[in-house]
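Values in this text are rule-based calculations from the coordinates and carry no lab data. Keep in mind the model is a prediction, meaning the values are calculated, not measured.
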Amino acid sequence: MSAVVVMHGIKNCDTVKKARAWLEARGVAYRFRDYKAEPPTRGELEGWVAALGWEALLNRAGTTFRKLPEGEREGLDATKAVALMLAHPSAIKRPLLEADGRPFLGFDAARYESALSGRT
C-alpha cells in the first residue's frame, strides 16, 4: 500500500490550486492540509528545514513576510525561521507536497510526475 500523499498550502493560493488540479486530473489520492486551519508543528517544520533548507522554505517574497516588523525579518537563521513560520504559517512557501516521507516544495509537473509515479 502506498504512503499517503499530503499537500500543504493555502486553499486560495493560485499555485496550490494548479497543483491540486494536476493531482486530481491524474487521479492521485491526496489529503490537503491548509496551513491556516492546521498549521505545521515545530517537528514538521524542523524536518522540512533539514530536508529543504530554511532559505527555500521561508517565503520572503510573500506579503506575510514583507508585512512583518523589520526586527522579525533580520538576522534569520534556521531557528529563527522556524519560530517565524510557526507564528506565521502563511510565510511558508507553497505548495509543499509530501510523498513517501519526502517533501517537494513548489509545483513542478515533471517533479510531481517522478515523485508520484505508480500512483495514478
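Assuming 0.36 nm per residue, please report the length gained on full extension of the stretch ARG60 to PHE32 beyond their Cα-Cα distance. List each step's numbers first, then the result.
Working: separation 28, 0.36 × 28 = 10.08 nm, distance 2.32 nm.
The span from ARG60 to PHE32 would gain 7.8 nm if fully extended.
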Highest-MSF residue in the chain out of GLU55, GLU98, GLU70 [GNM, Cα springs under 10 Å]: GLU70
Distance between the stretch 64-83 and the stretch 1-52 - C-alpha centres, whole angstrom: 23
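Expressed as a fraction of 2.2 N^0.38 Å, the rule-of-thumb size for a compact globular protein of N residues, what is the C-alpha radius of gyration of the chain?
1.07
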At 1.567 mPa s and 4 °C, Stokes diffusion of the stretch 40-91 via Kirkwood alpha-carbon radius, µm² per second: 119
